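*Asks:* Before I ask anything, let me first share the structure, which is written out below as structure tokens.
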Amino acid sequence: MDNGLVRKHLQPNFMAEVFFVMYTQISSGSVYGVEGRMIAVEVDISSGLPQVNIVGLPDPAVRESVERVRAAIKNCGFAFPMERITVNLAPADLRKEGTAFDLAIAVGILVASGQLRAELFKDMIVLGELALNGEVRAIPGVLAMVEQAKLRGNTKVLLPHSNASEAACIEGLELFAVTHLLTLKESDTNNVAWESLRYYSLRSQEELNRMFVGSIHQHGDFGDVLGQHHAKRALMIAAVGKHNVLMSGPPGTGKTMLAKRLPGIMPPLSEDEALQVTKIYSAAGKLPGGIPALLKERQFRSPHHTISAAGLIGGGSIPRPGEVTLAHRGVLFLDELPEFTRAALEVLRQPLEDREVTIARSRAVFRFPAHFLLAASMNPCPCGYYGHDSEEHRCSCSEVTLSRYRAKISGPLLDRIDMHIEVPRPPATASLQLGMTSAQMKELVFEAVAFSEGRKGTHGKPLTDLAGASLRRAVLLTKEADELLRLAFDTLGVSLRAHDRILKLARTIADMEQCERVDSPHVAEAIGYRSLDRKLHAL
């Protein structure tokens with residue numbers, strides 16, 4: 001950080017005129033996509049008419065920071081320089097948005113005008129929004145910015161006290177938590193006061209355990225769902241292998257209840273995964289208020305069918321995370337799938353295949369993680385009762401209507417859904433049958449995952465990351481299972497992508513049974529979950 005440049009200018013009439021040009025640079029940060037980016041806040045104070053100019057592609061929220069900073073400085077007993085002030089946000093070719101630069105701009109002005117010591121902010125990034133009275137308010141995206149600061153070699157962070165516990169998830173940095181700009185005035189000449197701002201975080205194992213909190217949403221118990229044993233088994237398989245599922249059945253059979261309970265039986269996130277998910281929610285400004293911990297459980301996102309394509313995958317001048325990214329490592333549930341617009345559904349094809357979203361802008365390309373489990377539900381027809389006629393309800397849809405309804409889901413999208421589950425209306429005796437609870441299902445899922453992890457050593461990667469020849473080498477088929485899979489491929493007319501997904505699904509089913517080799521019953525069950533492929537092939 002440079003400070004205190006003095007320049008002498010000679011006028012053409014040889015009359016010497018000396019004035020001071022004071023300059024300083026404060027490190028700050030911003031969020032682009034879900035990743036942090038370091039921004040240098042340069043402040044220059046020179047003689048001239050009193051005015052403040054902010055350059056470096058600021059958005060309206062950044063330009064308005066001038067008035068917030070001016071009022072905060074005056075209301076905290078500092079003197080706002082009545083000179084020409086230029087603030088540059090570098091790199092200047094990147095658009096800046098948000099209020100995270102307020103505190104850095106204020107500190108830069110106070111350091112450049114000699115009201116704060118420059119050495120206090122050496123190797124430090126400064127983050128925070130200012131209120132008019134000098135209060136320092138929380139900002140979104142702190143986790144991503146602090147993580148990037150560590151990678152860039154910064155050792156200290158000055159940030160709002162409300163964000164300190166979030167930033168403490170990143171080890172190896174000195175955190176100084178401030179609640180009011182006035183605190184910096186007291187700390188400038190008092191080292192004890194400055195040290196009192198230090199935020200201590202001892203990451204012992206006990207504290208790590210306390211760092212993890214549950215999902216933002218509460219999940220119910222599968223024991224509340226009457227009957228539907230076939231669907232529950234299918235969802236256990238989906239939870240083990242992270243397979244996409246589509247549930248089809250008449251209204252009121254429990255499709256939505258089943259989907260909402262799916263995250264409750266999935267394995268918890270690892271610490272690295274939890275950090276990544278928490279960083280996404282931090283960047284999106286969707287962390288629960290005052291959260292002191294990482295999100296460890298799988299998140300559940302259920303957007304309304306009126307959502308746009310940009311809302312689903314992300315967008316904006318500086319793109320923000322969409323629903324697929326907010327569902328990263330969790331569940332994205334699309335209720336009444338055919339009611340979504342065709343444009344919104346088709347944008348799912350890339351993230352389902354690549355597990356990330358790529359959004360290109362004129363000045364940058366943004367990549368968002370999107371490794372989620374897609375759970376969707378639909379009725380068999382517009383009226384909801386095709387193939388499920390009863391005395392009370394009979395299907396009134398024509399073949400043309402039925403064909404048009406199914407055509408709303410394209411073949412390429414359906415190809416990427418591993419399991420097509422029929423959820424029929426349960427019999428009256430289902431209320432007398434004790435179904436499996438979430439705790440029982442979770443235990444079975446954990447056992448299958450543990451078996452799969454032990455087997456993973458043979459090929460080094462999770463099954464979901466394998467494709468093509470590496471997948472076929474990793475999945476050991478018996479001779480009977482191989483012949484059955486070849487027969488199904490020729491008979492059903494499925495694509496090569498669907499063939500590989502059946503192979504992965506059969507391997508997951510074998511993991512549920514803790515079998516080293518995939519046998520014909522496993523392949524047969526996997527083929528049975530491609531019911532819509534069979535129906536479309538028959539049309």
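The values are calculated or read from the model by the stated rules, or taken from the named source; none is laboratory data. This structure is a prediction, so every number in the text was calculated from the model and none was measured. Note that we place each Cβ from the backbone using ideal geometry, even for glycine, and neighbour counts take in every protein chain shown.
*Asks:* Within region 360-392, track down each residue that is free of Cβ contacts under 8 Å to residues at least 60 places away in the same chain and part of a strand (DSSP E or B).
*Replies:* Listed by number, the residues that qualify are A360, V365.
*Asks:* Of all residues in region 269-284, which are surrounded by fewer than 14 Cβ atoms within 10 Å (Cβ to Cβ) and either within 14 Å of the chain's Cα centre (by Cα) or at pLDDT 90 or above (or both)?
*Replies:* Within region 269-284, D272 is the sole residue that qualifies.
*Asks:* Which ranges mark the helices (runs of 4 or more DSSP H) fully within region 56-155 that have 1 or more residues being over 31 Å from the mean Cα position of the chain (by Cα), of a type outside the set (S, T, Y) and surrounded by fewer than 19 Cβ atoms within 10 Å (Cβ to Cβ)?
*Replies:* Numbers: elements: 60-63, 65-75, 102-112, 142-151.
So the answer is 65-75.
*Asks:* Can you tell me which residue is nearest to K296 (Cα to Cα) among those in region 331-345 that are touching a residue at least 40 places away in the same chain (Cβ under 8 Å) and in contact with a helix residue (DSSP H, G or I) (Cβ under 7 Å, 6 or more places away or on another chain)?
*Replies:* Filtering first and then ranking leaves V331.
*Asks:* Only residues that are touching a Lys or Arg at 6+ places or on another chain (Cβ under 6 Å) and either aromatic (F, W, Y) or surrounded by fewer than 17 Cβ atoms within 10 Å (Cβ to Cβ) (or both): list them for region 242-268, please.
*Replies:* P268
*Asks:* So, one more: Mind listing whichever residues of region 320-342 are surrounded by fewer than 23 Cβ atoms within 10 Å (Cβ to Cβ) and of a type in the set (S, T, Y)?
*Replies:* Within region 320-342, T341 is the sole residue that qualifies.
*Asks:* Do the conditions hold for F101, that is, is it closer than 24 Å to K279 by Cβ and among the aromatic types (F, W, Y)? Step through it out loud before you land on a result.
*Replies:* Numbers: closer than 24 Å to K279 by Cβ: yes; among the aromatic types (F, W, Y): yes.
Yes; evaluated as a whole, the condition is true for this residue.
*Asks:* Follow-up. Out of all the residues in region 156-177, which are assigned to a helix (DSSP H, G or I) and within 19 Å of T99 (Cα to Cα)?
*Replies:* Just the residues of region 156-177 that are assigned to a helix (DSSP H, G or I), to begin with: 161-167.
Within region 156-177, H161, S162, N163, A164, E166, A167 meet the criteria.
*Asks:* Restricting region 511-523 to residues that are within 14 Å of R233 (Cβ to Cβ) and not charged (D, E, K, R), which is surrounded by the fewest Cβ atoms within 10 Å (Cβ to Cβ)?
*Replies:* Taking region 511-523 as the starting set, the residues that turn out to be within 14 Å of R233 (Cβ to Cβ) are 511-513, 521-522.
From what's left, not charged (D, E, K, R): 512, 521-522.
Numbers: M512: 21, P521: 16, H522: 24.
Result: P521.
*Asks:* Report, ordered by the first and then the second residue, all pairs with beta carbons closer than 7 Å, sequence separation of six or more or different chains, a first member in region 481-500 that is part of a helix (DSSP H, G or I), and a second member that is among the small types (G, A, S).
*Replies:* That search, which allows pairs on different chains as well, returns A481/S520; L484/S520; L484/A524; D500/A467.
*Asks:* Residues in region 386-399 that are of a type outside the set (S, T, Y), out of contact with any Phe, Trp or Tyr (no Cβ under 7 Å at 6 or more places or on another chain) and crowded, with 17+ Cβ neighbours inside 10 Å: how many? Quick ask: steps written out before the conclusion?
*Replies:* Our first condition is that a residue be of a type outside the set (S, T, Y); within region 386-399, this holds for 387-389, 391-395, 397, 399.
Applying the additional criterion that residues be out of contact with any Phe, Trp or Tyr (no Cβ under 7 Å at 6 or more places or on another chain) yields 387-389, 391-392, 399.
Still in the running and crowded, with 17+ Cβ neighbours inside 10 Å: 388.
Matching residues across region 386-399 total 1.
*Asks:* Quick test for you: out of L402, L471, L413, L444, pick the one residue that is modelled with pLDDT under 90, surrounded by 13 or more Cβ atoms within 10 Å (Cβ to Cβ), under 29 Å from the mean Cα position of the chain (by Cα) and assigned to a helix (DSSP H, G or I).
*Replies:* Numbers: L402 fails: under 29 Å from the mean Cα position of the chain (by Cα); L413 fails: modelled with pLDDT under 90; L444 fails: modelled with pLDDT under 90.
Answer to the check: L471.
*Asks:* Going through region 60-113 one residue at a time, which ones are without any contact (Cβ under 8 Å) to a residue 60 or more places away in the chain and among the polar types (S, T, N, Q)?
*Replies:* Residues satisfying the conditions are N75, T86, N88, T99.
*Asks:* Taking region 316-337 as the search range and keeping residues that are touching a Phe, Trp or Tyr at 6+ places or on another chain (Cβ under 8 Å) and hydrophobic (A, V, I, L, M, F, W, C), which one is farthest from I280 (Cα to Cα)?
*Replies:* Start the filter on region 316-337 by keeping residues that are touching a Phe, Trp or Tyr at 6+ places or on another chain (Cβ under 8 Å), which leaves 318-319, 321-322, 324-334.
Filter again for hydrophobic (A, V, I, L, M, F, W, C), leaving 318, 324, 326-327, 331-334.
Numbers: I318: 15, V324: 11, L326: 7, A327: 10, V331: 15, L332: 15, F333: 18, L334: 21 Å.
So the residue we want is L334.
*Asks:* Looking at region 373-385, is at least one residue more than 20 Å from the chain's Cα centre (by Cα) and farther than 19 Å from V423 by Cα?
*Replies:* Going through region 373-385, the residues more than 20 Å from the chain's Cα centre (by Cα) turn out to be 377-385.
Still in the running and farther than 19 Å from V423 by Cα: none.
Taking every residue of region 373-385 in turn, none turns out to be more than 20 Å from the chain's Cα centre (by Cα) and farther than 19 Å from V423 by Cα.
*Asks:* Follow-up question, since we're still on this one. Within region 188-228, track down each residue that is small (G, A, S) and at pLDDT 50 or above. Explain how you work it out, then say what you get.
*Replies:* Kept after step one, since they are small (G, A, S), are these residues of region 188-228: 193, 196, 201, 204, 214-215, 220, 223, 227.
Of everything in region 188-228, those that are small (G, A, S) and at pLDDT 50 or above turn out to be A193, S196, S201, G220, G223, G227.
*Asks:* Let me ask something else. Which condition from (1) of a type in the set (G, A, S); (2) modelled with pLDDT of 90 or more; (3) closer than 30 Å to L262 by Cβ is the one that A177 breaks?
*Replies:* Result: A177 passes all but (3).
*Asks:* Restricting attention to region 346-359, report how many residues are in contact with a helix residue (DSSP H, G or I) (Cβ under 7 Å, 6 or more places away or on another chain) and either aliphatic (A, V, I, L, M) or not in a helix (DSSP H, G or I) (or both).
*Replies:* Final tally of qualifying residues: 3.
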